[in-house]
Amino acid sequence: MAKFLPALDERLSDFIAHQKMFFTATAPADGRVNLSPKGLDTFRIISPTCVGYLDATGSGNETAAHLLQNGRITFMFCAFDGPPLILRLYARGRSVQPADGEWSALRPHFGPPMLGERQLIMADIDSVQTSCGFGVPLLEFKEHRPQLREWAERKGPEGVVAYRAEKNRVSIDGLATGYKG
């Protein structure tokens, strides 16, 4: 049975800290819904009502475009091991890029520099929902994939910036992403 809470508590924060992956979902007012899996230990809890993740360069920048348009984002965590649980965080988010004033205060929360890091996705939680997760399969974590780091190493800093300039300025629905370069 689903249960709603106004903020994260210690038990749910601990659950998040132990997850190897999470999902984000955003949508423009009109256009495609974007649902993305995330990993690489990039998610952080700043407070019981503020969370974020370090976003790496990708083939698109849908999340930033949708957040720029309407701010809505949902994070989902599933227990793939241990007791079953699905946790959703309904929130209002924004992209914080290295050129933004907030970057220097927020970036230290997200660990050491990561090759290909693009922006922080920060979100203020509106509500927290838990549900049973009985239908989620049990899976065994093996390791994080190395391809993103290897790709960024091959491109080099200038190559990653050029890639973003080409691929990350506009969403697949033609929306501006707010990418600053």
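The values are calculated or read from the model by the stated rules, or taken from the named source; none is laboratory data. Treat the numbers as computed from the prediction; the structure is a model and nothing was measured. Methodologically, a virtual Cβ is constructed for each residue, glycine included, from the backbone with ideal geometry; neighbour enumeration extends over all protein chains shown.
Is it true that some residue in the stretch 52-70 is without any contact (Cβ under 8 Å) to a residue 60 or more places away in the chain and touching an Asp or Glu at 6+ places or on another chain (Cβ under 8 Å)?
Yes - at least one qualifying residue is present in the stretch 52-70.
Answer with yes or no whether ARG92 is part of a helix (DSSP H, G or I), of a type in the set (D, E, K, R) and at pLDDT 95 or above.
no
Filter the stretch 53-81 down to the residues that are more than 15 Å from SER171 (Cα to Cα) and of a type in the set (Ser, Thr, Tyr), then identify the one that is surrounded by the fewest Cβ atoms within 10 Å (Cβ to Cβ).
The selected residue is THR74.
State whether the residues of the stretch 120-129 include one that is under 16 Å from ILE46 (Cβ atoms), in a loop (DSSP other than H, G, I, E, B) and at pLDDT 95 or above.
No; the residues of the stretch 120-129 include none that is under 16 Å from ILE46 (Cβ atoms), in a loop (DSSP other than H, G, I, E, B) and at pLDDT 95 or above.
Return yes or no: is LEU120 of a type in the set (A, V, I, L, M) and surrounded by 14 or more Cβ atoms within 10 Å (Cβ to Cβ)?
yes
Across the stretch 41-52, what is the number of residues that are surrounded by fewer than 17 Cβ atoms within 10 Å (Cβ to Cβ) and either over 15 Å from ASP124 (Cα atoms) or within 9 Å of the chain's Cα centre (by Cα) (or both)?
Residues that pass the stated criteria total 1.
Would you tally the residues in the stretch 1-14 being in a helix (DSSP H, G or I) and either over 14 Å from VAL51 (Cα atoms) or free of Cβ contacts under 8 Å to residues at least 60 places away in the same chain (or both)?
Residues that pass the stated criteria total 4.
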